[in-house]
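One structure is given here, and the rest of the page talks about it.
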Number of protein chains: 2
Amino acid sequence: MPRRTVAEVGEFGWLSRLLHNRRKGRGTVVGPGQDCAVIRCGTRNCLFTVDTLVEGVHFRSRWMAPRQIGRRSFLVNASDVAAMGGRPRFCVVSLEVPGRYPADDLWALQAGIVAAARRYDADVVGGNLSRSHTLSVCIALLADAPTRVVTRGGARAGDHVYVTGTLGDAALGLRMLRTRGANRSAWAVRRFREPTPRLRAGRFLVESGIVSAMIDISDGLAQDLGHVCTESGVGAVIHAERLPRSAAYRALLGARHPLALHGGEDYELLCTVAERHVERLERNREKLGCRITRVGVITADRGIRLVDAAGNAVTLPVAGYDHFR
Amino acid sequence: MPRRTVAEVGEFGWLSRLLHNRRKGRGTVVGPGQDCAVIRCGTRNCLFTVDTLVEGVHFRSRWMAPRQIGRRSFLVNASDVAAMGGRPRFCVVSLEVPGRYPADDLWALQAGIVAAARRYDADVVGGNLSRSHTLSVCIALLADAPTRVVTRGGARAGDHVYVTGTLGDAALGLRMLRTRGANRSAWAVRRFREPTPRLRAGRFLVESGIVSAMIDISDGLAQDLGHVCTESGVGAVIHAERLPRSAAYRALLGARHPLALHGGEDYELLCTVAERHVERLERNREKLGCRITRVGVITADRGIRLVDAAGNAVTLPVAGYDHFR
């Protein structure tokens with residue numbers, strides 16, 4: 001029997017095998033499988049996460065300046081911290097760089113990381129530089145944990161599903177960068193190049209006790225909601241017309257285009273809120289620092305169903321993005 | 001003027017530019033430029049470090065089994081923690097893997113990381129898997145810090161220079177793997193594939209107050225002693241014949257071969273000890289869990305000089321290893 005390759009198995013299967021391979025040691029409050037681990041450091045909890053951007057997989061150098069690559073690398077990590085309600089504190093950086101890479105570009109890339117970290121009050125405390133064939137930026141981020149632990153696994157039937165910001169812009173921007181089309185939306189391109197980690201919203205939503213589950217939307221709403229549903233043992237109904245779409249998105253794609261459902265890279269937050277907390281959420285909208293939109297409801301039946309304004313089923317587009325497939 | 005590439009500038013210049021680019025924020029006790037950063041977590045200090053092994057740069061897949069690659073990736077990180085006297089606690093792993101990589105090998109590699117972490121009482125709490133052209137393993141490790149901070153910068157003129165274990169074995173093993181020679185030393189090859197992080201020795205040497213400066217020897221004694229001397233503003237005299245060489249090394253290369261001086265990958269500790277602490281170190285040798293050998297002395301004059309048994313100068317071989325050159 002031929003040996004199967006990583007591409008044949010796919011990413012998520014592999015990640016979960018690493019998880020099964022472990023025991024939860026002393027001090028590990030929440031292990032792998034969430035946006036961040038929760039670990040015990042002395043008398044307090046910290047969040048710990050790692051993420052890597054690889055040239056040719058997550059970005060292409062011709063799409064963005066080196067400084068933007070550095071900045072984005074930090075921001076996508078910070079988004080994982082936002083999804084757990086934390087506050088970024090310290091990061092270490094490991095760069096893999098081809099020998100032919102221009103030295104000035106490497107400097108700009110590093111400066112982009114340092115500036116983004118500073119912007120969110122975190123410190124770059126260590127670094128590592130390796131030669132490689134492929135440019136990649138790996139950042140491990142340590143954050144102060146909130147007093148509550150909110151994971152992907154807390155959603156209950158009847159909870160409402162909310163998302164911050166607007167969806168599909170980054171995927172639209174990425175599409176424009178790929179095709180090098182003339183009809184670019186500067187807004188959409190910027191949303192891809194420079195996501196906004198929803199740290200303020202994440203902290204408030206967790207510390208206030210309003211949310212039951214949360215995740216950041218990196219692989220598209222459908223796929224990331226799927227993670228929440230799987231971890232929580234529930235399903236969901238999503239109202240297609242309620243997905244928040246920006247003016248640029250509506251102008252270019254129309255108000256019904258499904259990119260908002262499955263396009264990735266937005267780094268908005270998706271959370272679930274029990275009925276009894278909805279009024280408090282609505283009353284505290286201004287504390288989030290961004291818009292938040294109710295897009296559906298959690299159901300006891302498994303699976304994610306998409307419905308139109310009249311409540312009729314809409315076919316769900318092929319879900320998610322797995323970059324090994 | 002043509003733009004200079006990373007290869008032309010070299011690694012150490014770049015690392016130091018990232019350092020200059022930073023301010024030391026709240027909670028950062030020791031920033032970049034040491035084996036680990038020292039950070040404040042609540043009421044205690046932690047160590048934070050990151051290291052990456054890249055296929056074709058730090059290892060070749062034909063030199064070692066996937067499980068050994070995983071294990072070695074953890075061990076080299078743990079060695080950085082040993083050099084600061086810490087105790088490994090939590091790590092996150094970022095893997096870059098070609099799509100054609102066999103799934104079983106990826107599993108074995110992951111299992112190697114998890115097993116090595118467990119061996120040293122640490123937990124793998126998060127992971128990330130990306131497609132890439134090049135196999136690489138990045139691990140960020142968080143450790144409990146000792147009560148004292150010992151860096152590369154504390155050596156003073158008159159301090160004695162000590163190294164743990166034996167030197168040059170890993171470089172010898174690497175040479176054998178490269179040339180695929182028949183005359184292999186299993187000991188030397190194993191020393192390359194599976195370094196022993198000197199965690200017990202590191203903790204004792206720091207907590208006891210015996211050492212004034214410490215570093216782990218990853219790039220060869222000459223180069224890593226150079227880092228200590230530069231950071232401390234001192235020089236050193238090393239007695240060539242005193243460098244600890246294993247029986248396998250002496251049998252294959254002879255007792256005087258300079259590989260022990262500049263061969264890298266040993267992951268032994270190099271430390272400096274003030275005269276007044278030497279007797280206490282000698283008295284507590286058994287607490288280290290490994291041998292330790294006095295190989296020279298720190299001098300007020302800058303530069304590293306190598307002398308023979310008679311005290312006559314020996315020419316220093318070309319120092320160190322910078323994988324961008």
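The values are calculated or read from the model by the stated rules, or taken from the named source; none is laboratory data. This one's a predicted model, so the numbers in the text were calculated from it and none came from an experiment. Heads up, the Cβs are rebuilt from the backbone with ideal geometry, glycines too, and the neighbour counts pull from every protein chain shown.
Here's a check for you: in region B:178-211, which residue that is outside any helix (DSSP H, G or I), over 27 Å from B:GLU282 (Cα atoms) and out of contact with any helix residue (DSSP H, G or I) (no Cβ under 7 Å at 6 or more places or on another chain) is modelled with the highest pLDDT?
So the residue we want is B:ARG180.
Quickly run through region B:172-222 and pick out the residues that are in contact with a Phe, Trp or Tyr (Cβ under 7 Å, 6 or more places away or on another chain) and within 24 Å of B:GLY153 (Cβ to Cβ).
Of everything in region B:172-222, those that are in contact with a Phe, Trp or Tyr (Cβ under 7 Å, 6 or more places away or on another chain) and within 24 Å of B:GLY153 (Cβ to Cβ) turn out to be B:PRO197, B:LEU199, B:ASP216, B:ILE217, B:SER218, B:ASP219, B:GLY220.
For region B:99-117, name all the residues that are part of a helix (DSSP H, G or I), facing chain A (nearest Cβ under 7 Å) and surrounded by 17 or more Cβ atoms within 10 Å (Cβ to Cβ).
The answer is B:ALA103, B:LEU106, B:TRP107, B:GLN110, B:ALA111, B:VAL114.
Tell me which residues, restricted to region B:159-198, are touching a residue at least 60 places away in the same chain (Cβ under 8 Å) and aliphatic (A, V, I, L, M).
B:VAL161, B:VAL163, B:LEU167, B:ALA170, B:ALA171, B:LEU172, B:LEU174, B:LEU177, B:ALA188
Among the residues of region B:136-185, which ones are under 27 Å from B:GLU231 (Cβ atoms) and basic (Lys, Arg)?
Selection gives B:ARG148, B:ARG152, B:ARG156.
Could you list, in sequence order, all residues of region A:82-98 that are over 16 Å from A:LEU135 (Cβ atoms) and within 12 Å of another protein chain (Cβ to nearest Cβ)?
Answer for region A:82-98, where residues must be over 16 Å from A:LEU135 (Cβ atoms) and within 12 Å of another protein chain (Cβ to nearest Cβ): A:MET84, A:ARG87, A:PRO88, A:ARG89, A:PHE90, A:CYS91, A:VAL92.
A:LEU53 passes all but one of (1) touching a Phe, Trp or Tyr at 6+ places or on another chain (Cβ under 7 Å); (2) more than 30 Å from A:ARG180 (Cβ to Cβ); which number fails?
A:LEU53 satisfies every listed condition except (2).
Going through region B:292-313 one residue at a time, which ones are surrounded by 14 or more Cβ atoms within 10 Å (Cβ to Cβ) and either charged (D, E, K, R) or at pLDDT below 85 (or both)? Don't jump to the end; show me each part of the working.
The initial filter retains those residues of region B:292-313 that are surrounded by 14 or more Cβ atoms within 10 Å (Cβ to Cβ), namely B:292-299, B:304-307.
If the condition is that a residue be surrounded by 14 or more Cβ atoms within 10 Å (Cβ to Cβ) and either charged (D, E, K, R) or at pLDDT below 85 (or both), then B:ARG294, B:ARG305 are the ones that fit.
Would you please name the residue that is farthest from the other protein chains (Cβ to nearest Cβ), looking only at residues in region A:39-81 that are among the polar types (S, T, N, Q) and in a strand (DSSP E or B)?
Keep residues of region A:39-81 that are among the polar types (S, T, N, Q), which gives A:43, A:45, A:49, A:52, A:61, A:68, A:73, A:77, A:79.
Pick out the ones that are also in a strand (DSSP E or B) and you get A:45, A:49, A:52.
Working: A:ASN45: 9, A:THR49: 6, A:THR52: 5 Å.
Per the criteria, the residue is A:ASN45.
Could you list, in sequence order, the residues of region B:128-160 that are more than 11 Å from every other protein chain (Cβ to nearest Cβ) and within 18 Å of B:ASP80 (Cβ to Cβ)?
Correct list: B:PRO146, B:ARG148, B:VAL149, B:VAL150, B:THR151, B:ARG152, B:GLY153, B:GLY154.
Pick out the one residue from B:LEU47, B:LEU53, B:LEU95 that is within 30 Å of A:ARG3 (Cα to Cα), buried (at least 24 other Cβ atoms within 10 Å of the Cβ) and touching a strand residue (DSSP E or B) at 6+ places or on another chain (Cβ under 8 Å). Explain how you work it out, then say what you get.
On the way: B:LEU47 fails: within 30 Å of A:ARG3 (Cα to Cα); B:LEU53 fails: buried (at least 24 other Cβ atoms within 10 Å of the Cβ).
Sole residue among the options that is within 30 Å of A:ARG3 (Cα to Cα), buried (at least 24 other Cβ atoms within 10 Å of the Cβ) and touching a strand residue (DSSP E or B) at 6+ places or on another chain (Cβ under 8 Å): B:LEU95.
Can you name the helices (runs of 4 or more DSSP H) wholly within region A:218-325 that have at least 1 residues being farther than 26 Å from A:PRO32 by Cβ, free of Cβ contacts under 8 Å to residues at least 12 places away in the same chain and not aromatic (Phe, Trp, Tyr)?
Ranges flagged: A:247-253, A:275-283.
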